[in-house]
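Participant: Let me begin by handing over the structure; questions about it come next.
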Amino acid sequence: MFIGIDDTDSRKKFCTTYLATLIYEELKKSYTLNIPKLIRLNPMVKYKTRGNGGVCIEILDDLEKRDKEEVREITIKFVEKYSDLSSDQTNPGIVFLDGEKFKENREILRNYYKEALFNILSLEYAEKVIKRVGGEFIKFKKGLGIIGALGAISSEPPYTYELLAYRKKENWGKRREIDEGSVIEMDRKTFPYTFDNYDYENEKVLITPNTPCPVLFGIRGIDIKTLIDAYFMVKGEKAERFMIFKTNHGTDVHLRVMKIRDIYPNTGVIVYGKISEKPRDIEGGHVIFKLSDDTGNIDCIAYEPTKGFREIIRKLIPGDFVAVYGTVREEPLTINIEKIKILKLEKIYRLNKRCPHCGGTLKAKGKKVGYKCKRCKKVIKYEEIEKEEIKRDLKIGFYEVPGVARRHLSKPIQLIDLIK
């Protein structure tokens, strides 16, 4: 049996993963459970509470009718108690789905997961799919959470993991006490099997949230044992409990290869094309350039929070062939860059201003005349001047935004060869 939950928290209190942890601990007393899932969906959804992430708990036992009723009662009780129902933005939803129904409708669910990653789904659509696969949903207030709840149930690989440590209740809302040096040491000792722990460019700890929620810190990685080792390396405030979730963080599953003519707002894309206009700075510290393929062109933007990444963008020139990874803004229609892969660099040449006869300096006398040597006075025609290639201050390969500007779903460069 699968239990999906979403949209229970607010920016002021609670956390859907904390709620899932409490339910998991309660159900674990009577049932065999799979590792819980924390699944992020389309990051362009505007009505999400914080991270647009649903959770899923899977019970592996064959359940009798009375067991299912007990599971249902426990889940509802905890959702009612640990949801911020007073917030206008919080609209919890629960989805229950039997294991057999899950297997029978795997293709429908797989398609739903993709839709939830690439598009913005309606409540009516989610209800229709839940009924079609034989599930049950429970809505609180508007019940928008059933969209993400079904998305969490429907998810499929690739996966990574996240260890979430939770605070003691007396510390909720207070300043988190985490030793920065221990986070740096943990990051260096567990690299490359954990990721996005610390932003060295901006000297910022990334494992702690900015909201007054129950989470103390979260460590992301691709190996459970390494995550547990990393947990014990972090010094500071003591956690009350922790839980490891299977997630789609750091996988780029929200992106798909598209031609420019097919791009539409509020989706994630990977676009291959040439730089067709030189990058330029615009108001706000952002950098923008135009990308073209054989179907059209579109503006791509590196926002000010991407900091040093903008320097890479500024070094691009017309003719460079790249792949842009990012999400599509609605107005104006632009790609918000998450990372870029430089595939081919346009060559730049300059005239060799040294005389081929004596090595003296050549001085321009106009295109009709050419160049005249200051030393030997010989005239060299313009088309006869040797050209030399200027070395570009860029290399072929991936470049990414810093950790402070990275989305949950964006795959860091360090994982490209580790997650397929």
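The values are calculated or read from the model by the stated rules, or taken from the named source; none is laboratory data. Computed from a prediction, not measured in an experiment: that's the story for all the values here. Ideal geometry is used to build each Cβ from the backbone, glycine not excepted, and the neighbour counts take in all protein chains shown. Ligands, DNA and RNA are excluded from the accessible area calculation, which covers all protein heavy atoms including side chains. Shrake-Rupley method; radii C 1.70, N 1.55, O 1.52, S 1.80 Å.
Participant: If you check K374, K378, K395, which single one turns out to be surrounded by fewer than 14 Cβ atoms within 10 Å (Cβ to Cβ) and free of Cβ contacts under 8 Å to residues at least 24 places away in the same chain?
Facilitator: K374
Participant: For the stretch 3-24, how many residues meet the condition of being open to solvent by 10 Å² or more (accessible area, probe 1.4 Å) and in a strand (DSSP E or B)?
Facilitator: Residues that pass the stated criteria total 1.
Participant: I need a count of the residues in the stretch 116-153 that are among the acidic types (D, E) and in a strand (DSSP E or B).
Facilitator: 1
Participant: Do we find a residue being closer than 22 Å to G397 by Cα and open to solvent by 20 Å² or more (accessible area, probe 1.4 Å) anywhere in the stretch 258-268?
Facilitator: Yes: the stretch 258-268 contains one or more residues that are closer than 22 Å to G397 by Cα and open to solvent by 20 Å² or more (accessible area, probe 1.4 Å).
Participant: With the requirement that a residue be of a type in the set (A, V, I, L, M, F, W, C), touching a residue at least 40 places away in the same chain (Cβ under 8 Å) and either farther than 19 Å from N42 by Cβ or surrounded by fewer than 22 Cβ atoms within 10 Å (Cβ to Cβ) (or both), what does the stretch 77-112 give you?
Facilitator: F78, V79, L85, I94, F96, L97, F102
Participant: If you scan the stretch 113-151, which residues turn out to be crowded, with 19+ Cβ neighbours inside 10 Å, farther than 27 Å from D84 by Cα and more than 19 Å from the chain's Cα centre (by Cα)?
Facilitator: Across the stretch 113-151, the qualifying residue is only V133.
Participant: Give just the number: which of (1) closer than 22 Å to L163 by Cβ; (2) under 30 Å from the mean Cα position of the chain (by Cα); (3) open to solvent by less than 50 Å² (accessible area, probe 1.4 Å) does L27 not satisfy?
Facilitator: Among (1) closer than 22 Å to L163 by Cβ; (2) under 30 Å from the mean Cα position of the chain (by Cα); (3) open to solvent by less than 50 Å² (accessible area, probe 1.4 Å), the lone unmet condition for L27 is (2).
Participant: Open to solvent by less than 70 Å² (accessible area, probe 1.4 Å), of a type in the set (S, T, N, Q), in contact with a Gly (Cβ under 8 Å, 6 or more places away or on another chain) and modelled with pLDDT of 95 or more, is that true of S276?
Facilitator: Judged against the criteria, S276 is not a match.
Participant: Need at least 1 residues that are under 23 Å from E400 (Cβ atoms) per element, so show me which strands (runs of 3 or more DSSP E) inside the stretch 264-360 make the cut, counting only ones lying wholly within it.
Facilitator: 268-282, 286-293, 296-302, 321-329, 334-344
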